[in-house]
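Student: Supplied in structure tokens, the structure appears directly below.
The values are calculated or read from the model by the stated rules, or taken from the named source; none is laboratory data. As the structure is a prediction and not an experimental result, all values here were calculated from the model. All Cβ positions, even for glycine, are placed from backbone atoms using ideal geometry, and neighbour counts span all protein chains on display. SASA here: full protein model, heavy atoms, side chains in, ligands and nucleic acids out. Shrake-Rupley method; radii C 1.70, N 1.55, O 1.52, S 1.80 Å.
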Amino acid sequence: RKCKSIRAGAFFGKNMTSVSAPSVEYIGEKAFGQCKNLQSIQLNHWLKGIGEYAFYICESLMSIKIDAKVLPPYLFYKCSSLKNVSIGRGVEELGLYSLSFCDSLKKVKIPASVHKIGQVCFEYTPLIELEFEKEYHWIARNDYGQELRISPDMLKNPEANVLFFKKHDEYDFMVDPSISMLENMTEKEA
């Protein structure tokens, strides 16, 4: 209960079925990577940091609630049984390949706190619905300097959102702060 961090690679490839880490604030890179029998994880409701590949190829993991500020690259890469990902309201960024090759993941809800979605985030994941909690204007840029602007009206249909993001998976998506923040401020915040 007093453990505050799990070092990089600490349980890499171990034969475990569950983890309860309610006091852990930091999880190192590949800490639980390739724990192929890991089915459930109970994490601190507010992780301060988590390393790349922390849960990649956890083939038996079926659901998780995560609230770290950033879901780093390859976080749940090839978690083939993952059906439910509850992205907490503290998450600001979904990293490169963070939810890719998740063969059982069909629906994802993006909370209002998310302001960046990395390239190929949902690559080879059979999503049917991608829902956005807040109506933001987004800017998307790829490695060649090409840019797309996405209005809230373009992201109102969860089924169409999946097709849109998969078609443009080589882009990094970021909330356009010059428009979205102003539009979504309360009168008191303004």
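Student: Provide Rg and Dmax in Å for segment 72-177, with only Cα atoms included in the calculation.
Tutor: 12.6, 36
Student: Compare Gln146, Gln39, Gln119 in a GNM of the chain, Cα atoms joined below 10 Å, and give the one with the largest fluctuation.
Tutor: Of the options given, Gln146 has the highest mean-square fluctuation.
Student: Moving on to the next point. Take every Cα-Cα pair in segment 3-96 and report what % of them are more than 16 Å apart.
Tutor: The proportion of pairs with Cα distances above 16 Å equals 48 percent.
Student: Follow-up. Determine, at each q value in 0.14, 0.24, 0.30 (inverse angstroms), the log₁₀ of I(q)/I(0) that the Debye formula gives when each Cα of segment 1-42 is one equal point scatterer.
Tutor: -0.28, -0.81, -1.11
Student: Something else about it: Given only helices, namely DSSP H runs of n ≥ 4 each adding -39500 (n - 2.57), what is the per-residue ellipticity at 222 nm of the chain, to the nearest 500 deg cm²/dmol?
Tutor: Computed mean residue ellipticity for the chain: -2500 deg cm²/dmol.
Student: Could you work out the relative contact order of the chain? I mean the mean sequence separation of Cα pairs under 8 Å and 6+ apart, divided by the number of residues, in percent.
Tutor: Dividing the mean separation by the residue count of the chain yields 13 percent.
Student: Only sites in a loop by DSSP and with at most 15 other Cβ atoms within 10 Å count here; which chymotrypsin sites (Phe, Trp or Tyr not before Pro) in segment 120-175 make the cut?
Tutor: The qualifying sites are Tyr124, Tyr144.
Student: Here's something else I'd like to know. Which value, in Å² and to the nearest 10, is the accessible area of Ile128 when all protein chains are kept and the probe is 1.4 Å?
Tutor: Ile128 has an accessible surface of roughly 90 Å² with all protein chains in place.
Student: Would you mind giving the average projected area, over all directions, of the Cα convex hull of the chain in nm² with one decimal?
Tutor: 11.0 nm²
Student: Between Asn157 and Ser60, how high is the FRET efficiency from 1/(1 + (r/R0)^6) when r is the Cβ-Cβ distance and R₀ = 41 Å? Nearest 0.05.
Tutor: 0.80
Student: At R0 = 25 Å, how high is the FRET efficiency between Lys69 and Phe12 if r is their beta carbon distance? Nearest 0.05 is fine.
Tutor: 0.60
Student: Sticking with this one: Full extension from Asn84 to Lys36: what is 0.36 nm times the residue separation minus their Cα-Cα distance, to one decimal in nm?
Tutor: 15.6 nm
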